[in-house]
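J.: If you scroll down you'll find the structure; I have some questions about it.
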């Protein structure tokens, strides 16, 4: 955010900021946990399965375990399910990605 001009005499009403998105919930420094939805619809399947795969990798699972888990979630929760080759490709991509550093705190001055 760049402050282009400051007018110390200007006053605002809370409604002036209704267009802004809600503030993210405070996490207390803990990373946000992945939550798997009960039903995964077309248009969100790849994104959610990839996020699940990254979460599983972060918990120490290897690519074979991630493939098995994603295939089961795909069969049970995805409507319609992806084909098995696409699920395997998602698992491979997620397993091959480097993990982000654990300490990602940002110092605010």
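Read the figures in this text as sums done on the coordinates, not as results from a lab. Every value quoted in this text rests on a predicted model; they were computed, and no experiment measured them. Note that we place each Cβ from the backbone using ideal geometry, even for glycine, and neighbour counts take in every protein chain shown.
J.: Give the calculated FRET efficiency between residue 35 and residue 7 to the nearest 0.05, with a Förster radius of 30 Å applied to their Cβ-Cβ distance. Don't skip to the answer; put the middle values down first.
T.: Details: r = 43 Å, r/R0 = 1.42.
The calculated FRET efficiency here is 0.10.
J.: Still on this model: Which order do 76, 67 fall in if you start with the one that has the fewest other Cβ atoms within 10 Å? Provide the component values of the computation, followed by the final result.
T.: Values: 76 12, 67 21.
The fewest-first ordering by Cβ neighbours comes to 76, 67.
J.: Using a Förster distance of 35 angstrom, determine the FRET efficiency expected from the C-beta separation of residue 18 and residue 93, and round it to 0.05. Can you show the working numbers first?
T.: Working: r = 39 Å, r/R0 = 1.12.
So the FRET efficiency works out to roughly 0.35.
J.: What ratio of Cα Rg to 2.2 N^0.38 Å holds for the stretch 37-96? Don't jump to the answer; show the numbers that get you there.
T.: Numbers: Rg = 10.2 Å, N = 60, 2.2 N^0.38 = 10.4 Å.
Dividing the Cα radius of gyration by 2.2 N^0.38 Å gives 0.98.
J.: Return 65, 38, 72 ranked ascending by Cβ neighbour count within 10 Å, so the fewest neighbours appear first. Before the final figure, lay out the partial values.
T.: On the way: 65 15, 38 6, 72 11.
Taking fewest neighbouring Cβ atoms as first place, the list is 38, 72, 65.
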